[in-house]
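Worksheet for the structure shown next.
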Amino acid sequence: MNCAEFEERIALFVENDLYDAEMTAVERHLETCTDCREFAAGLRESQAMLRGLRREPLDDAIFADVRSQVIRRVSNVRPAPMWPKYAIAATLLVMLAAAALWRTRPAAPVGVPAVTATIGPGPALSASRTPAPVQAPQIAKTTGRHGRAKSRANANVTLARQNIRPSRPAHPRAVNAEPLVVKLLTNDPEVVIYWLVDQNGG
Amino acid sequence: MQELALVMAGGRLDAPEEQLVLLVKRAKSGDIAAFEEILERYERQVLGTALRLLGRNLEDAKDAAQQVFLRLHRGLRQLDENRQFESWLYRVTVNVCRDMLRVRIRKPALQLEGTEHRSYAPGAHEMMVRSEQMQLIYDALDTLSERERAALVLRDLEGIATKEVARILGTSEVTVRCHISSARVKIRKFVDRQSRRRL
């Protein structure tokens, strides 16, 4: 092994970073090689200078500055709110409950002929409500009844059973469920509102 | 080297591990005071390492230290407080500095001038010599490759054992020894060249 090859071993040797066997080999070489001894002396000097960086003083204000910046930014970070999780859970529960109700609902009456009816006050508002008030049994009761509302009606409502069948019923019992079409005639002859009522509660 | 390692570790070895575990647990639960205590404990380690890795640019080193501690805060929940916290912090510091070195255009390192040698209060000549030596070593560090510099800073300036340096840098012990020895040789030769020029 020549001196150039010893250089990097000497670099480890001066800081006791060599294994015992390697240490012995380097020591033996240094005993006989003046150039490598000088190189080792120079390395010890530069290593001492390097270690001097450890003592490089830093003002406490520098650390305080870093600390305050970090704490300020960390304090602005709020933990993620929990309510979205609860909202999602609640939504899922409602959906599950709705699905359970769907499965346990009573079968809709079959073969009810087309009906029309006039509903009294406030049909314009009724059009925007949920269809829950219009139940299949109630429709059966109103079959064949015509007439005008006694109070101030601002619209006529026509109930008609349509022969609309779903092409692929979601549930076997849904085969007989026919949508109820509520036709709302407003005072304006050009405005007619159709309200499609799913009698299965959907 | 062992003696150096103990000196370099400073107060960190005195702090009981249990105390740190407790602090990390408190910080995990959102205790800002506990997190600040962790900062105080490790700010010298993080800022000092960043300064040596980034080449005496104090503003960059401060940025790096902030990033390290913010990453620490973000990663607190995933952090296993029983594992080696210091090593993790060193690894993050090295990674942050490496990222900064790759993207930044270096700014002149003017910020350290006003803070030098306050704690020594030596004579003016000694102060000047020390300052020149520090600058010389920083210039020498600039000649090293990124990996050589990281290995050398962790081993010789932070006093971490070679095996642990390898773990922090995600490489083998043999590779780290190669980087350290070549870095020491480069620094020695750089210092030698500069000294001859001045004569």
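The values are calculated or read from the model by the stated rules, or taken from the named source; none is laboratory data. Predicted, not measured: the structure shown is a model, and the values here were computed from it. Backbone-built Cβ (ideal geometry, glycine too); neighbour counts: all protein chains shown.
Looking at A:Val66, A:Val74 in this structure, which one is closer than 30 Å to B:Arg77 by Cα, part of a helix (DSSP H, G or I), at pLDDT 90 or above and within 8 Å of chain B (Cβ to nearest Cβ)?
Numbers: A:Val74 fails: at pLDDT 90 or above.
Exactly one residue qualifies, and that residue is A:Val66.
Does region B:51-81 hold any residues that are more than 10 Å from every other protein chain (Cβ to nearest Cβ), part of a helix (DSSP H, G or I) and surrounded by 22 or more Cβ atoms within 10 Å (Cβ to Cβ), and which are they?
B:Leu53, B:Leu54, B:Asp60, listed by residue number.
Kindly list the number of the only condition in (1) at pLDDT 90 or above; (2) within 11 Å of another protein chain (Cβ to nearest Cβ); (3) within 29 Å of B:Ser131 (Cα to Cα) that fails for A:Arg55.
(1)
When only residues in region A:32-50 that are facing chain B (nearest Cβ under 7 Å) and touching an Asp or Glu at 6+ places or on another chain (Cβ under 7 Å) count, which is farthest from B:Glu132 (Cα to Cα)?
The qualifying residue farthest from B:Glu132 (Cα to Cα) is A:Gly42.
Among the residues of region B:136-164, what is the count of those that are within 16 Å of A:Arg54 (Cβ to Cβ) and within 11 Å of another protein chain (Cβ to nearest Cβ)? Step through it out loud before you land on a result.
Here is the first cut: in region B:136-164, the residues within 16 Å of A:Arg54 (Cβ to Cβ) are B:136-138, B:140-141, B:149, B:152-160.
After this cut, where a residue has to be within 11 Å of another protein chain (Cβ to nearest Cβ) as well, the list is B:136-138, B:140-141, B:152-153, B:155-159.
Qualifying residue count, region B:136-164: 12.
For a quick check of your reading: which helices (runs of 4 or more DSSP H) sit entirely within region B:145-199 and have at least 3 residues that are of a type in the set (Gly, Ala, Ser)? So that I can check it myself, show each step before the final result.
Numbers: elements: B:146-152, B:162-169, B:173-198.
Here the list reads B:173-198.
Restricting to region A:3-54, name every residue that is under 58 Å from the mean Cα position of the chain (by Cα) and not in a helix (DSSP H, G or I).
Correct list: A:Glu15, A:Asn16, A:Asp17, A:Leu18, A:Tyr19.
B:Met134 - would you say it is touching a His at 6+ places or on another chain (Cβ under 6 Å), at pLDDT below 90, under 24 Å from A:Ile62 (Cβ atoms) and of a type in the set (A, V, I, L, M)?
Numbers: touching a His at 6+ places or on another chain (Cβ under 6 Å): no; at pLDDT below 90: yes; under 24 Å from A:Ile62 (Cβ atoms): yes; of a type in the set (A, V, I, L, M): yes.
It is false that B:Met134 is touching a His at 6+ places or on another chain (Cβ under 6 Å), at pLDDT below 90, under 24 Å from A:Ile62 (Cβ atoms) and of a type in the set (A, V, I, L, M).
Given the conditions (1) surrounded by fewer than 24 Cβ atoms within 10 Å (Cβ to Cβ); (2) in contact with a His (Cβ under 7 Å, 6 or more places away or on another chain), report the number of the one that B:Ala151 does not fulfil.
The single condition B:Ala151 does not satisfy is (1).
Every residue in region A:50-66 that is crowded, with 18+ Cβ neighbours inside 10 Å and not aromatic (Phe, Trp, Tyr), please. Don't jump to the end; show me each part of the working.
Restricting attention to region A:50-66, the residues satisfying the condition of being crowded, with 18+ Cβ neighbours inside 10 Å are A:50, A:53, A:56, A:58, A:62-63, A:66.
Within region A:50-66, A:Leu50, A:Leu53, A:Glu56, A:Leu58, A:Ile62, A:Val66 meet the criteria.
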